[in-house]
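To start, the structure itself, in structure tokens.
None of the figures in this text is laboratory data; all of them are computed from the coordinates on show. These numbers come from a predicted model, not from an experiment. Note: ideal-geometry Cβ built from the backbone for every residue, glycine included; neighbour counts use all protein chains shown.
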Amino acid sequence: MQKPDEKLLAKQRQGHRARLRARFVKDGMSALQDYEKLEYLLFLFYPQKDVKPIAKSLLEHYGSISGILEAGTDDLKSFGLTERIAVDISFLREFLTFVCYEKIADRPFLENSEAAVLYLQRKLGSSKKETLMVFYLDSGRKINGIWEHTGTVNSATVAPREVAEMALRYHAVGVILVHNHPSGNDKPSRADIAFTQEIYNCLDTFDIKLLDHLIVTRDTYRSLMQ
């Protein structure tokens, strides 16, 4: 059996990459199919290798590029990715989350709700455990501090006094609570409602306002105070 001509294969791969790059430059992301977008990303990690089979295999398993980015490093390694590449993809996920955070960090939180929700969904939406995030805001409704507590698959409550103590430490005027529902259902439970009231009452003792409590999932969110 004749061995494949490696030089010819390398030339074909470079031609394929050049064509994808030209289509992207001309018409942007809309010019590429999903597996081609993922191919383009994998080009950064594989200078020579044909990555189309990997891209298609990952998409078939995870269903979307966002699903791939949210996968754990061990899961990604099971598809033949090296430890370094799996970690780099995890870094990319966290980098994109940080970019979203930058858009809300120095602006009034509630006046930039669309960007805030996008950040929160990236940060918490795909987590398998409930996580409570508490945003402490100054008089201009900008973020002075953030406190994060990871709980179990269905609970992430903390003592109201802990929330209040951190509010005093950050000299907060207002507080926003956020937690995720790993189930994907953004409907508040009785425990969510009771916890919100407890925090509201505790903060009110110190003349600090609970401005909102948001429940986020991967695709939706809900306010308990609107």
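Just a few scattered comments:
- Between amide H atoms placed 1.01 Å from N, distances below 5 Å from ASN144 occur with TYR136, LEU137, ASP138, all of them 5 or more places distant or on a separate chain.
- Mean-position separation - Cα centroids, segment 45-69 and segment 92-171, in angstrom: 31 Å
- The chymotrypsin sites (Phe, Trp or Tyr not before Pro) of segment 135-226 that meet both conditions, a loop assignment by DSSP and at most 15 other Cβ atoms within 10 Å of the site Cβ, are PHE206.
- When the Cα gyration tensor is reduced to axis lengths a ≥ b ≥ c, the ratio a/c is 1.5 or higher for segment 25-108, and with a/b not above b/c it is classed as oblate.
- Phi angles across segment 109-120 convert, under the Karplus curve 6.51 cos²θ - 1.76 cosθ + 1.60 with θ = phi - 60°, into 3J(HN,Hα) values of 4, 6, 8, 10, 5, 5, 5, 5, 5, 4, 4, 5 Hz, Gly and Pro given as x.
- Phi-derived couplings, Karplus 6.51 cos²θ - 1.76 cosθ + 1.60 at θ = phi - 60°, listed residue by residue for segment 17-29: 5, 5, 5, 4, 4, 5, 5, 5, 4, 6, 10, x, 4 Hz, with x used for Gly and Pro.
- When Rg/Rh (Cα atoms, Kirkwood Rh) is computed from the coordinates, the matching label among (1) 0.97; (2) 1.02; (3) 1.11 is (3).
- In this structure, the pairs whose alpha-carbon distance is over 26 Å, taken from LYS77/LYS123; LYS77/LYS128; LYS77/LYS103; LYS26/LYS56; LYS123/LYS209; LYS103/LYS209, are LYS77/LYS103.
- Cα gyration tensor shape of segment 101-183, rounded if a/c is under 1.5, else prolate or oblate by comparing a/b with b/c: oblate
- Each residue of segment 191-208 is assigned a 3J(HN,Hα), and the resulting list reads 5, 4, 5, 5, 4, 4, 5, 4, 5, 4, 5, 5, 5, 4, 4, 9, 6, 10 Hz, derived from the Karplus form 6.51 cos²θ - 1.76 cosθ + 1.60 (θ = phi - 60°), x at Gly and Pro.
- Å³ per residue enclosed by the Cα convex hull of segment 146-226: 89 Å³
- For ASN180, distant residues with modelled amide H under 5 Å away: THR131, VAL216
- Signed unit charges on C-beta, dipole axis of the chain, positive-most listed residue PRO47, SER57, ILE85: PRO47
- Inter-site label distance for THR82 and ALA31 at 7 Å from Cα along Cβ, in nm: 3.1 nm
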